[in-house]
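A short worksheet on the structure shown next.
Bear in mind that the values in this text are calculations on the coordinates, not laboratory data. Since this is a predicted model, take the numbers as computed values, not measurements. Here the Cβ positions follow ideal geometry from the backbone for every residue, glycine too, while neighbour counts run over all protein chains shown.
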Amino acid sequence: MSSTFSGDETAPFFGFLGAAAALVFSCMGAAYGTAKSGVGVASMGVMRPELVMKSIVPVVMAGVLGIYGLIIAVIISTGINPKAKSYYLFDGYAHLSSGLACGLAGLSAGMAIGIVGDAGVRVEEKESGRKLEKICVPEFFKKISGRKGKEVERKEGDGQRYHKVIEVAAGMLNCQKGALPIYHLGVPIGLNMGRINSWGVAKEDLLKENINMDALVKGVVGDGSIIGFWYDCWALDCPLMEAFPQLFSLEINKRCKVGHRVTRRGNVISLFWEWKRRPQGVSEETQLVQLKEVIERYVFGSSCDRWVWFGDDVGVFSVKSLRNIIEYNRVPPDLNPMSWCHWIPLKVRCFAWRARLDRFPAKSALIARGVGIDGGGCSMCIGADETPSHLLISCPFASRVWEQVAAWCGVSLVGINGIKDFMEITDSEKT
C-alpha cells in the first residue's frame with residue numbers, strides 16, 4: 001500500500017477473501033445442483049425425451065447461483081481500490097462476512113436444488129410412465145381383441161401417438177389382431193381359464209411330455225352328485241366317453257352324473273340307462289358288458305364326491321409335484337442316477353459325472369467332433385484308442401494305480417470293465 005493510504009494494511013486481505021468465498025462457494029453449489037439434477041434429466045431424455053425441456057428448470061436455477069456469486073465478488077473487488085484513501089478492518093470484515101453469506105447461501109441453495117430437482121424429475125418420469133401404462137395397456141388389448149371397451153380420456157393430439165405405440169407392441173408380439181387369446185412365447189394371453197375347454201391347450205402341452213392329466217387327477221365317487229359319468233375321469237385313466245365311444249353316442253343325457261346311472265344298496269349295484277335306442281351289434285354289446293365290469297370293480301366311497309391328485313402321496317395338487325413329474329419324465333431312461341458324495345470336492349464330482357457320461361475330452365471324443373490331433377492312441381500305453389474308459393480304467397498305468405488304491409481301501413475290483421462298473425462298485429461299498 002502507498003504511504004498516503006490510511007487504515008489497516010491487512011484489511012484488503014479479508015476483503016479479497018470475502019470476494020473469493022462468494023465466488024467459490026456459489027460455484028460449488030451451482031456445480032452440485034447442475035450435476036445432481038442433470039442425472040435425472042439425462043435419464044428422462046432416454047425414457048421420455050419429450051419431457052426434457054420441462055425437466056431442465058432445476059439445471060437453469062442451479063446455474064444462476066454461480067452468476068449471483070460472481071456479481072457479489074465483483075462488487076466486493078471494486079470496493080477494494082488502491083487509489084482509495086482509506087480501507088479499514090471494518091470494511092474488510094464486512095466484505096468477508098458478505099462474501100461468506102452469499103457463498104454459503106449459494107452452496108446450500110445448490111444442494112437443495114440438486115436433491116429436489118433430481119427427485120422431482122424422477123417422480124415426473126414415473127408418473128408419466130404410469131399414465132402411459134394406464135392408457136396403452138387397456139387400449140392395446142382392446143385393439144388386438146377387437147372388443148369395445150371404455151374409452152380412455154387423454155389430451156388432444158396424444159391419440160395418434162398411443163395408436164402407434166399399440167401398433168408397434170402388436171407387431172413385436174407377432175399376434176393376430178381381432179381375436180383372443182394371443183400367444184406370446186407359447187403362453188396364451190387373454191384366455192378365459194374359467195372354461196373347461198381352455199385347459200385343453202395345457203393338457204396337450206403336458207401330453208407332449210408324456211404326462212396324462214386325466215390319469216393324475218381323478219374323481220373318487222361317493223354319493224355320485226358331483227362327478228360326471230361320461231365326461232370326468234373316475235373309473236379308468238380316461239373318461240368313459242373315450243373308452244366307450246359307441247355307448248356315449250347312444251346316451252341321451254351326456255352330462256349326467258354318476259348318481260344318475262349308478263345306485264347302491266349295500267353291496268348291490270344297480271345301473272340305469274337312457275339310450276336313444278338299445279345297444280345293438282357285437283361291438284356295442286361288447287362295450288356295454290365291459291362298462292358294467294368296470295363299474296362293478298370300482299370301489300365307491302362312503303362320503304361326498306371329491307377329486308384326488310395322484311401325482312404324489314399327499315393327494316393334493318401342487319405346482320411343485322407337477323414340476324417333479326415333468327423333470328422326472330425328461331430324464332433319459334438309459335441314464336443311471338449318480339450318487340453324489342458331498343465330502344468329495346465339487347470339481348472331482350463333476351469330473352466323475354462327465355466321465356460316466358463319456359463327456360470326458362479324450363482323443364476319441366475330440367476326433368469324433370472334428371478336432372485335428374496326431375493319432376488317437378493312448379499316450380501312456382500306446383496300444384489302444386484313448387477313450388474315457390480306457391484312459392481312466394483299462395490302461396495298464398491306470399490299472400496299477402487303482403490296484404494300489406483298492407488295496408489301501410480294502411475293496412475288490414474284480415469284474416470292472418468300465419467307468420459305470422467302477423461307479424456301481426463304489427456305490428455298493430459305500431452303502
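Assorted remarks:
- Ranked list, fewest to most other Cβ atoms within 10 Å of each Cβ, for Glu296, Glu285: Glu296, Glu285
- Distance in nm between pseudo-label sites at Leu51 and Arg265 (7 Å out along the Cβ direction from Cα): 7.8
- Extension gain, Ala35 to Phe13: 0.36 nm times the residue separation minus the Cα-Cα distance gives 4.7 nm.
- Virtual spin-label span in nm between Arg400 and Arg255, 7 Å along Cα→Cβ: 8.3
- Ranking of Arg264, Arg400, Arg356 by count of other Cβ atoms within 10 Å, fewest first: Arg400, Arg264, Arg356
- Label separation (Ser412 vs Phe310): 4.5 nm, computed from points 7 Å beyond Cα along the C-beta direction.
- Taking the fewest neighbouring Cβ atoms within 10 Å as the starting point, the ordered list for Phe14, Phe317 is Phe317, Phe14.
- Given Lys218/Lys320; Lys203/Lys254; Lys292/Lys320; Lys320/Lys420; Lys208/Lys363, the pairs whose alpha carbons are separated by over 28 Å: Lys292/Lys320; Lys320/Lys420; Lys208/Lys363
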